[in-house]
Amino acid sequence: MVASIFGWLTGGVSLTLSAWVGQFTPAIATLLIRWFRREKWTDAGFRFSSFYWYFKAWVTAIALFISAFAISALLGWGTVARSWSDIAVRAKSLGFVSLSPEPVGIIGFMLFSLFVLPLLLSFFALGEEIGWRGYVLPNLLPLGRRHALIISGLLGSVWHIPLVLVGQAYPGHRVTGLLLIFPFITGVWIILGYFRLGSGSVFVSTLLHGTLNAQMIGPAVLIVAISSPIYGGFMGIAGIVIVWIAALWCLRFNREIVW
């Protein structure tokens, strides 16, 4: 249905599907480890939290992206869309090749990326969250909450290195991308970990994760072009600065975390 309405992913289905399948590998690894070691799932966070935490996670993801792209535009690292057709052109470059440049189509696309796509991508993000926030993070807690958040982020950065090597992250900038992937993923992992521990639910961090992935499409279309993935956008320097402002706040107030 999504493909028929927006023409989504008609140019890169295999790469995208392989990335989504890859998101389930942490969950599969966790399942095998717990089965082999005969561990229970009591610390996995398989419980629902209050609506407040889900809403806070959703708003946080959107705010991070909007802030990153706003900085990109202000510093000249991206060009702001000035018309409906500009937004349509940008959306098509992201894979929505059949999106209509008419206002109704663009508004529908934005609503879809804000409210529907986060739920869809949360399904795939759950695979990562079961592994990273449902197993790795709880097992690092004996080191202290701050250390656990930072170390899990560094480990997650290593796990994302292949995205740089294949050009999916920081395309055309492999060496610099290998340097930037560490502060970017570590910061994002700290934020995800904070929400996981604070809410006590892996489903809250899953929604935050899925919404972050979805906003690669939402606010991104409001910026017609990013001059360089190294500087602008969410994964560039602009985004890393915003992510670490939030990550440092999470580390500073991690005492509020209830486990």
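Key figures
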{"quantity": "Amide hydrogen neighbours beyond the local backbone of residue 225, cut-off 5 Å, H modeled", "calculated": "79"}
{"quantity": "Positive-end extreme of charge dipole, the chain - chosen from 44, 110, 78 (charges on Cβ)", "calculated": "44"}
{"quantity": "Region 137-235, accessible area per residue, ligands and nucleic acids excluded (1.4 Å, Å²)", "calculated": "35"}
{"quantity": "Between region 125-171 and region 174-228, the Cα center-to-center distance that results, in Å", "calculated": "12"}
{"quantity": "The chain, relative contact order in percent, only Cα pairs under 8 angstrom and at least six apart counted", "calculated": "33"}
{"quantity": "For region 131-259: rounded, prolate or oblate by the Cα gyration tensor [a/c cutoff 1.5]", "calculated": "prolate"}
{"quantity": "Neighbourhood charge, 9 Å Cβ-Cβ cut-off, centred on residue 27 and excluding it, Lys, Arg +1 and Asp, Glu -1", "calculated": "-2"}
{"quantity": "Global form of region 190-259, assessed from the alpha-carbon gyration tensor, a/c cut-off 1.5", "calculated": "oblate"}
{"quantity": "Accessible area per residue, Å², region 39-93 with all protein chains present, probe 1.4 Å", "calculated": "61"}
{"quantity": "Ranked packing of 170-179, 155-164, most packed first, by mean Cβ within 10 Å", "calculated": "155-164, 170-179"}
{"quantity": "Sum of -39500 (n - 2.57) over DSSP H runs of 4+, divided by residues of the chain (222 nm, nearest 500)", "calculated": "-20000 deg cm²/dmol"}
{"quantity": "Surface share of carbon and sulfur [accessible, 1.4 angstrom probe, percent] for the chain", "calculated": "72"}
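The values are calculated or read from the model by the stated rules, or taken from the named source; none is laboratory data. The structure presented is a predicted model; accordingly, all values stated were derived computationally and were not measured. No Cβ is skipped: glycine too gets one built from the backbone with ideal geometry, and neighbour counts run over all protein chains shown. Side chains are part of the model used for accessible areas, which takes the heavy atoms of the whole protein and leaves out ligands, DNA and RNA. Shrake-Rupley method; radii C 1.70, N 1.55, O 1.52, S 1.80 Å.
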